Amino acid sequence: MTREGYRIAVPGAVEVLERCGVERPVARLAELAARTPGGLTVVVDSANGVLDAPLGAAGIPVLRADPPFPADGGAAAELLAALGRSRSEALTALPPAGWTMSGREAEIAAADRSSAAVERQLAARGAVLTGGAEAGPLVALTFDDGPHPEFTPQVLDVLRRHDAPAAFFCIGLNVLAHPEVVRRIADAGQTLGNHTWSHAYLPDLGPVGLARQLGHTREAIAEACGDDRPVRWLRPPYGGRSPELLRAVDASGLITVLWDVDAKDWSRPGPDVIAERVLSQVRPGSVILMHDAGDDRSQTVAALPAVITGLRDRGYRLVSLDELLAAVHPAAA
């Protein structure tokens, strides 16, 4: 991935697909795979979290290059292609129905645990919002991975009908492809957040890679909205964090937003199950994680009215992240 979009390297050629959704590079790679004797294998790094699932669904094998191979999360397509040809045994094969970080679950869990002390310190002064902190009967709805040209507008329509606030954590590549949807989020008065440029696992990145992931996304949102409005919220993909990352994000002026209620709507278990998962986990101060992109989100859209009415029936008030932060830590609002 580049600042312009997607970069595809095959022997003897490099293609850049600019300002497009993920469908276009997937279709192009599927076309190349059909024309390649023996098929095609795609190599990505852990700074990618947008291509592997649709490639797997298209039947294209994906290998992941982990540190120290990528250059601070910015490995050129040519380097990744060369690794696939010369060091494929050192790369991780991703299961077709798995996720970008398959095989690293224990490492990620250990990094999250090691972050607990710093997370508490930053949360105490409002630099991290974890969800579930004492805030009275207030909850915040959040949506990750958009914008999507079909499902994000449908989510916005439901929120408008129910007069409900929410935050949308946007992937920069998707902002670049669908700026009109970002403008609609902003015009609806909803909160925009940074979800990195390419859904990167941020603890793998050094200062340059982190600045690129956050800065490119911030710039794309400002370009889409036609102004330089501040985006003060970051959701790290996968909730991935380390003590160093949390401190670096704090130093950048962003507030890290985690969650304590996971709808797991990405698994598409049905609208009733999605709503029940939210309503069974919620507590005062909760931050609720849902998704408006990344796959077919029709079930999320269908579940959302029951989520909103169910929360209100239980005495909760849906609020913006700003209002939730003010209730948890007034000095940080």
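Numerical summary
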quantity	calculated
Number of positions in the range 253-293 that are surrounded by 16 or more Cβ atoms within 10 Å (Cβ to Cβ) and at pLDDT below 95	1
Residue tally, condition of a type outside the set (Lys, Arg), at pLDDT 85 or above, over 17 Å from VAL14 (Cβ atoms) and out of contact with any Lys or Arg (no Cβ under 8 Å at 6 or more places or on another chain), over the range 64-92	6
Members of the range 116-142 that are closer than 22 Å to GLY49 by Cα and in contact with a helix residue (DSSP H, G or I) (Cβ under 6 Å, 6 or more places away or on another chain)	none
Residue within the range 225-239 that is on the phi < 0 side of the Ramachandran plot, of a type in the set (Val, Ile, Thr) and open to solvent by 10 Å² or more (accessible area, probe 1.4 Å) present	yes
All strands (runs of 3 or more DSSP E) inside the range 35-130 with 1 or more residues being in contact with a strand residue (DSSP E or B) (Cβ under 9 Å, 6 or more places away or on another chain), open to solvent by 40 Å² or more (accessible area, probe 1.4 Å) and among the polar types (S, T, N, Q)	92-94
Selection from the range 169-191 of residues that are open to solvent by 20 Å² or more (accessible area, probe 1.4 Å) and touching a His at 6+ places or on another chain (Cβ under 6 Å)	none
Tally, over the range 134-167, of residues that are farther than 18 Å from ASP187 by Cα, surrounded by 21 or more Cβ atoms within 10 Å (Cβ to Cβ) and over 16 Å from the mean Cα position of the chain (by Cα)	3
Which numbered condition ARG19 misses (of (1) open to solvent by less than 40 Å² (accessible area, probe 1.4 Å); (2) at positive phi; (3) of a type in the set (D, E, K, R))	(1)
Filter result for the condition that a residue is of a type in the set (Val, Ile, Thr) and in contact (Cβ under 8 Å) with a residue 40 or more places away in the chain, over VAL62, VAL26, VAL22	VAL22
Residue identified as in contact with a Phe, Trp or Tyr (Cβ under 9 Å, 6 or more places away or on another chain) and either within 26 Å of VAL175 (Cβ to Cβ) or of a type in the set (Val, Ile, Thr) (or both) among GLY56, GLY131	GLY131
The range 258-291: number of residues that are within 16 Å of the chain's Cα centre (by Cα), of a type outside the set (D, E, K, R) and in a helix (DSSP H, G or I)	2
Pair list, Cβ under 8 Å, 6 or more apart: the range 251-275 residue within 25 Å of GLN213 (Cβ to Cβ) and polar (S, T, N, Q), other residue in a loop (DSSP other than H, G, I, E, B) and open to solvent by 20 Å² or more (accessible area, probe 1.4 Å)	THR256/ARG241
Members of the range 292-333 that are hydroxyl-bearing (Ser, Thr, Tyr) and either closer than 23 Å to ASN174 by Cβ or outside any helix (DSSP H, G or I) (or both)	SER298, THR300, TYR316, SER320
Near pairs, Cβ below 8 angstrom, 6+ apart or cross-chain, from the range 285-312 (under 18 Å from VAL139 (Cα atoms)) to any residue that is among the aromatic types (Phe, Trp, Tyr) and at pLDDT below 95	HIS291/TRP266
Selection count, the range 37-50, where residues are in contact (Cβ under 8 Å) with a residue 24 or more places away in the chain and over 19 Å from ARG64 (Cβ atoms)	0
Residue check, PRO137 touching a Leu at 6+ places or on another chain (Cβ under 8 Å) and farther than 29 Å from ALA47 by Cα	no
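The values are calculated or read from the model by the stated rules, or taken from the named source; none is laboratory data. In this text, all values refer to a predicted model and were calculated from it rather than measured experimentally. Cβ coordinates were reconstructed from backbone atoms using ideal geometry, including for glycine residues, and neighbour counts include every protein chain displayed. Side chains are part of the model used for accessible areas, which takes the heavy atoms of the whole protein and leaves out ligands, DNA and RNA. Shrake-Rupley method; radii C 1.70, N 1.55, O 1.52, S 1.80 Å.
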